[in-house]
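Note sheet for the following structure.
Values quoted throughout were computed directly from the atomic coordinates according to the rules given, and no laboratory measurement underlies them. Computed from a predicted structure; not experimentally measured. Cβ placement follows ideal geometry from the backbone for every residue including glycine, while neighbour counts extend to all protein chains displayed.
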Amino acid sequence: MKSGSLGFVMLCHTALDRAAQVARHWAERDCPVVIHVDKRVGRKSYAKLVKQLENLKNVRFSRRHACEWGTWALVAATQDASEVMLAEFPGVRHVYLASGACLPLRPVDELIQYLNARPRTDFIESVTTEDVGWTVGGLDLERFTLRFPFSWRKQRRLFDWYVRVQRRVGFHRKVPAGVVPHLGSQWWCLTRQTLSVILENPDRDEIDRYFRRVWIPDESYFQTLVRQVSPNVESRSLTLSKFDFQGKPHIFYDDHLQILRRSDCFVARKIWPHADKLYRNFLTDNASAQAAEPNPGKIDRLFSKAVERRTKGRAGLYMQSRYPNENWENGRTAAPYAVFEGFTDVFENFEVWLSKTTGTRVHGHLFAPERVEFAGREAVYNGALSDSAALRDYNPKGFLTSLLWNTRGERQCLQFGPGDNQALAGFMAGDPNAQISVISGAWAVPLFHSNRNFGDIRREAAQLQKIEAEFLSLLRSPWSKARVRVWTLAEFVENPMEPLQTVVDEISPRSMRRLTEVPRLTDLTGFGQFLQNLRNQGMQPVLMGEFPVNDDLRGNPPRRGRPYLVN
Amino acid sequence: MPEGVRQQGEAGVRLLSQYVLRLARKRWLVRAMRKRRELQPVVDRTNLISRDGILLFSTLRNEKIRLPFFLRYYRDLGVNHFLFVDNGSDDGGREYLAQQPDVSVWTTSASYKRSRFGADWLNWLQRKYGHGHWTLVVDADEFFVYPFCDTRPLRALTDWLDASSIKSFSAMLLDMYPKGPFDAQPYREGQDPLEIANWFDSGNYVMSRNRKFGNLWIQGGPRMRMFFTDAPERAPALNKVPLVKWHRSYAYVSSTHSLLPRGLNQVYDEWGGEKASGVLLHAKFLDTFGTKAAEEMARRQHYANSHEYRAYNQVIGTEPDLWCKWSEKYINWRQLEILGLMSKGNWA
């Protein structure tokens, strides 16, 4: 390939020193450069740029346009500069459109060789409007069929209002015959043949008149027209350029050096003007390790992760810059957890047993009135959470979500009961991460064992029953999202193995084996009579199910005590 | 009530509250104008401020020992000019600052409390010198950490914020403390205080929305855990918005916890996403703390009748140790990001 076969058109509006540096780099390597400087740049800065490059024979400046984002002026600037390039440098075969914030990542020679091997190929991203998913404001085909007299940046409300009005009225501009709307990155590399056919088209006036009123024509003018004239479109940009969720280009900094180097892309934008290390490292002639195809996969992943962090965030995290409204949390809590109601009342060593069997962290009653019963009854827990009940009750939701966030990666189990602070009952019921198992009426067992006056017991029983009934109705409500299992106390003690197995399997699905060791069931001799006494005192204990007065419950032939799954 | 009437009613309330906030903002600004008379310039180098300079504003009293490292830290980040209000220091700090080439100093002996803890003074200076600049408002014991701060200067952040049309950036206050009693390792002038106070609470923070100003109210950390179990609602606020592209019509409402117009407090995402945010490492708990607490108690110039300092004084009588076995040792911003105390947002 002859020298000077690759020319660069550069569109510049800020950081002109950097633009000059890159232009000089290309020009000195025998690549002609035509520079367009935004008309809004002051005369002084412009004169300085011209002066910086005046000793280079193959640098030209083209007629200046004021390029507001999304307007026709950017296309006009590109057209004018391209015409200068084609007219003044007859040796140029490929024209590369770049910006002042572009930086070559590989030596120009490698790019020339690459194009040399593909002398008839036009590199331009060009996608039909049906297939793009990245357009700002959700406008794709409508960019071509509506009118946009208002600035998107400065008159957003008017802009949106006018779009709505046109949609409602059903207004459509007529798309000129032969124009099939395509969109794509504005940074392209076209052959002289293709570019000159577009620029010398006898109908260009008419086409330009149409595109003048298309929204963001710099992403559609060449992308659309190239489809009419080029037999050989490679629909991708040679410039690595990524956009964030607002449609603003991602910026590269010094710490991207390695990832940029490994991308094997030819040119990247947008570079932060003060990224000295990048400019120092890439404006050289050092050949890259292997002459590979551009491979921006890693950078794609980096940026798509960043966008995901911004739009979806980390589930279960509440912090200074993420405080989701209810039901917009993408996960109320950070991880699955298990809530047990009534189990410690029925079994004597339930916490120890559960933690041994499932290998999880088993807390006591985290919402107990006196203190937070962390596993091992620690005074401070993971993340430096305090066991102070006052601090917990000050913001119970913050307490639980913090605990679950702090212990990510380790399944948490907690005891809950009608004697606890119920502030989070609804929160847990609506949380898909919660697995709630309830033995209803089990709160009566400690009362049964207690040495208190029966009047007090009766009063407390009535209160606990009321609280638990409310909790159960929360669990059964239509918006409840937790995995809920409820057994009555009678059902449970009749056949405790099956419920325990179900619950344990769900917590640690990998240890799919039969339970060998069972927690110790507390002594219930006389419990039936105890319930009868409550009835005799005028209270109606209902949540524990049918207990015969004469204690022969466990003598009965074992009925299949199926847990019923509420959700 | 018919839907239409209710909506009208709500719109009316919204308008009214907008109007009330507008009045409040004007009032703070007028107050700042009035309080400017309390400020005497010591040395005014504001003519050195360039058009796009990043400015740091701070109020202080008797912090000389901290100043050398403080200035170095923020110069390294890329702060171009410092504007200090000295509230009657008698430890030579004012004279030290006056010698620095990139510092302007005003002094006052007026009441810290009655200047709303320095906010009035700084509102005035920011209005006069901060308009159109990125301004950082921090105390002498606060160290700003933001995503990529180990590889990208502050200007990279402010350029990105500009490009993203973001006007304010939050940085929660993170209390740092040593392992063992505060006075076990004396702090030397010029030393990085985070060499001593390098532990923090990683996950005991709670927050709620302040409906009036729209900001989050964050509390927690070691101070709440140790000193405020009896009165959690009085635990100090940790939410801060220290970095703002200032406009002369803006005003901080109370310290840097919230500001007006209220849109500037919208530094958090409400739809599940994460906005970018940083942290202010709060290296308050050094050996200097004991004397400071005693002095501040005597002056009664701090927030909520110095309840905070009173609580400290009670506990500090008994060999205080904020450290516990779940304390986390500080490494870098990435650690804070992983812990969920700050976020990169979509900055990559």
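If you plug the beta carbon distance of residue A:501 and residue A:542 into 1/(1 + (r/R0)^6) with R0 = 25 Å, you get a FRET efficiency near 0.40. Under a model in which nothing but the beta-carbon of Lys, Arg (+1) and Asp, Glu (-1) is charged, the protein assembly as shown shows a dipole of about 3440 debye around its Cα centre. For the residues of B:337-346, the average number of beta carbons from a partner chain within 10 Å of their own beta carbon is 6. Once the convex hull of all Cα atoms in the stretch A:337-509 is built, its volume per residue stands at 119 Å³. For the stretch A:254-263, 3J(HN,Hα) computed residue by residue from phi via the Karplus equation (6.51, -1.76, 1.60; θ = phi - 60°) reads 3, 6, 8, 3, 5, 5, 5, 4, 6, 6 Hz, glycine and proline entered as x. What shape does the stretch A:184-326 have by the C-alpha gyration tensor, where a ≥ b ≥ c are the square roots of the eigenvalues, rounded means a/c under 1.5, and otherwise prolate means a/b greater than b/c and oblate the rest? Verdict is oblate for the stretch A:184-326. If I histogram all Cα-Cα distances within the stretch A:444-506 using bins 5 Å wide from 0, what percent of pairs lands in each bin? Pair shares across the bins are 4, 14, 17, 17, 20, 16, 8, 3, 0.
When N counts the residues of the stretch A:124-234, how does its alpha-carbon radius of gyration compare numerically with 2.2 N^0.38 Å, as a ratio? Intermediate values should be presented prior to the final figure.
Details: Rg = 14.6 Å, N = 111, 2.2 N^0.38 = 13.2 Å.
Expressed relative to 2.2 N^0.38 Å, the Cα Rg reads 1.11.
Would you kindly give the portion of the calculated P(r) for the protein assembly as shown that falls above 41 Å, as a percent of all Cα pairs? So the pairs more than 41 Å apart make up 53 percent of the total in the protein assembly as shown. Restriction of the GluC sites (Glu not before Pro) in the stretch A:160-257 to DSSP coil positions whose beta-carbon has at most 13 other beta-carbons within 10 angstrom yields A:200. Checking the a/c ratio against 1.5 first, then a/b against b/c, what shape does the Cα gyration tensor give for the stretch A:20-98? Here the stretch A:20-98 falls in the oblate category.
Taking every residue in A:300-306 and counting other chain Cβ atoms within 10 Å of its Cβ, the average works out to 2.
The ellipsoid equivalent to the alpha-carbon distribution of the stretch A:315-388 has semi-axes of 27, 16, 12 angstrom, derived from the gyration tensor eigenvalues as √(5λ) and listed largest first.
Placing one equal scatterer on every Cα of the stretch B:81-153 and applying the Debye formula, the log10 ratio I(q)/I(0) at q = 0.11, 0.20 Å⁻¹ is -0.34, -1.02. Close amide H contacts of residue A:61 (hydrogens built in the peptide plane, cut-off under 5 Å, sequence separation of 5 or more or a different chain): A:35. Scaled to the globular estimate 2.2 N^0.38 Å, the Cα spread of the stretch B:1-159, given as radius of gyration, is 1.29. Entry note: the stretch B:3-338 has Rg to Rh equal to 0.96, where both radii use alpha-carbon atoms and Rh is the Kirkwood radius.
Specify the inter-centroid distance of the stretch B:36-111 and the stretch A:143-186, based on alpha-carbon positions, in whole Å. Distance between centres, Cα-based: 52 Å.
Can you give the mean number of other chain Cβ atoms that lie within 10 Å of the Cβ atoms in peptide B:224-235?
3
Between the amide H of residue A:252 and those of A:270, A:271, A:272, distances stay under 5 Å, these residues lying 5 or more places away or on another chain, with hydrogens modeled in the peptide plane.
The convex hull of the Cα atoms of the stretch A:498-549, projected and averaged over all directions, covers 5.0 nm².
3J(HN,Hα) along the stretch A:30-37, derived from phi through the Karplus expression 6.51 cos²θ - 1.76 cosθ + 1.60 where θ = phi - 60°, amounts to 6, 10, x, 10, 10, 10, 10, 10 Hz, with x in place of Gly and Pro. Pairs over the 30 Å Cα-Cα cut-off, from the set B:128/B:240; A:305/A:481; A:154/B:275; A:356/A:481; A:57/A:248: A:57/A:248.
Using every pair of distinct Cα positions in the stretch A:4-145, the Kirkwood expression returns a hydrodynamic radius of 16.3 angstrom. Amide H contacts of residue A:146 (H built 1.01 Å from N, in plane; Pro and chain starts excluded): A:173 sit under 5 Å, all sequence-distant by 5 or more or on other chains. Direction-averaged projected area, Cα convex hull, the stretch A:6-311: 16.0 nm², rounded to one decimal.
Between the alpha-carbon centres of the stretch A:417-470 and the stretch A:58-89 there is a gap of 77 Å.
If you count the DSSP beta bridges with both ends in the stretch A:354-498, what percent of them are antiparallel, to the nearest 5?
If I count the DSSP bridges inside the stretch A:354-498, around 25 percent turn out antiparallel.
Counted over the protein assembly as shown, the DSSP beta bridges are approximately 40% antiparallel.
Put simply, the C-alpha atoms of the stretch A:250-386 give a gyration tensor, and the ellipsoid matching it has half-axes of 52, 17, 15 Å, longest first.
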